[in-house]
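Written out below as structure tokens is the structure these notes cover.
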Amino acid sequence: MTTSSSADRRRFLTHSALGTAVAAVGIAPLAARDAEAASAGRISAREVAILKFLAAAELVEADLWLQYEELSRRNASYRAALEDVDEGLSDYAIDTQEDEESHAAFINAFLVSIGEQPVNLDPFRTILPPPVTGLRRTGRLTNLTRLTVDTSYYTRYRGIGNPDFGASFAQIATIQNQPAIPLSNATPARQLAGIVQVAAFHFASIEQGGTSLYSQFLPFVRHPDVVRILAAIGPTEAIHFAHFRQSLEGIRGFNSGDGRLVVPNLTGGRREARRVMPRPCAFLRSGLPRCSVVRPTAPANAGARAAATGLVASGLFAGQSQAFLNAVVALAAAADGVA
């Protein structure tokens, strides 16, 4: 859930007023006594804010993965196209949806168990998916028809650089304003092949962002239950990413001809996708040895506001209401400790 554009982040945060529609997601102002709460063994207001943002993020993930799951189960053409990239890709999508749904349900239930309001995004399920076999015609939080996917994670994990130390990374593919799901049942086979390659890159992009998000929150929580939640759920995001990153081995390339979808062949040559283990990189501070780690994990690059801005910049919320965007900003700011 990272973004490659700091300008997009500034515009998003500037034009979204904090506090609007906050009641819809159950967030309250941060308490001034977090240190006292920690010393008394209570869950602090900051920790509650972090859990609420993670609940919202998991609800968003469950929503987008549900669309992929429905197509993987009930649209034979889409499933076959996914399996042409990786024979397990459709099953991975189905399993991931179940995982993300369980994360959202658990975090919300935990919030209720400690006397907090759960996060409810149901009023914002307003985006109708395309009329395609397999997709239920019901309102969604997310839009999978106009994605701009940041594919820099591909080169980031293959290199020795770390964005937390100022490193930047090239895009392995150009994916601008593209569908990751078919727009109609009449989608030609070649076009569908391009669509599922967008989806394959999007799968990995979402999960590597979630991995960084959970990791960067860990230094800011103290309560044992909250630490265990973050430390136990976060690694499942990394497991998802590892599978989807490996699936890119089956990407054979695609060119839409208009420059908006250009995907190289990753099955061989210097861009071959088989090298999937994260290379050691600079970590924590200069002077220490390189280490194979999740990156980024600095709040500026992987925090809640960075994650929210990255999702908006990707087009995932195209067509959503301003009230929804305002609510997400409020949750993100509180989780980052700036509300």
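A few comments on the model shown:
- Calculated diffusion of the stretch 287-339, Stokes-Einstein form, Kirkwood radius summed over Cα pairs, 4 °C and 1.567 mPa s, µm²/s: 103 µm²/s
- Taking amide H as placed 1.01 Å from N in the peptide plane, residue 254 has its amide H under 5 Å from the amide H of 263, each at least 5 places away in sequence or on another chain.
- Considering helices alone, the calculated mean residue ellipticity of the chain at 222 nm is -16500 deg cm²/dmol, with DSSP H runs of length four and up weighted by -39500 (n - 2.57) and normalised per residue.
- Against the chain, whose longest principal axis is taken from its Cα atoms, helix 224-247 shows a tilt of about 10°.
- Cα shape, the stretch 78-138, gyration tensor, a/c 1.5 rule: oblate
- Couplings 3J(HN,Hα) of the stretch 91-107, computed from phi: 5, 4, 5, 5, 5, 5, 4, 5, 4, 5, 4, 5, 4, 4, 5, 5, 4 Hz, in residue order, whole Hz [Karplus 6.51 cos²θ - 1.76 cosθ + 1.60, θ = phi - 60°; x for Gly and Pro].
- The stretch 106-224: C-alpha gyration tensor shape, a/c 1.5 cut-off, then a/b vs b/c: oblate
- Converting phi to 3J(HN,Hα) with the Karplus coefficients 6.51, -1.76 and 1.60 and the offset θ = phi - 60°, the stretch 323-336 yields 4, 5, 4, 4, 5, 5, 4, 4, 4, 5, 4, 5, 5, 7 Hz in sequence order, with x at every glycine or proline.
- Using Cβ point charges alone (K and R +1, D and E -1), the dipole size of the chain about the Cα centre works out to roughly 980 debye.
- Between helix 45-74 and the chain: long-axis angle, C-alpha atoms, 0 to 90°, nearest 10: 20 degrees
- The stretch 142-289, relative contact order [Cα under 8 Å, separation at least 6], %: 28 percent
- Distant alpha-carbon pairs in the chain (separation over 34 angstrom), percent: 22 percent
- Taking the longest Cα principal axis of the chain as reference, the axis of helix 76-85 is set at about 90 degrees.
- Spread over its residues, the convex hull of the C-alpha atoms of the stretch 220-293 is 168 Å³ per residue.
- The local environment of residue 63, defined by Cβ-Cβ distances under 13 Å, has a net charge of -4 under the rule Lys, Arg +1 and Asp, Glu -1.
- The chain, relative contact order [Cα under 8 Å, separation at least 6], %: 27 percent
Every number in this text was worked out from the coordinates using simple rules, so none of it is lab data. Computed from a predicted model, the values in this text were never measured in an experiment. Virtual Cβ from ideal backbone geometry, glycine too; neighbours counted across all protein chains shown.
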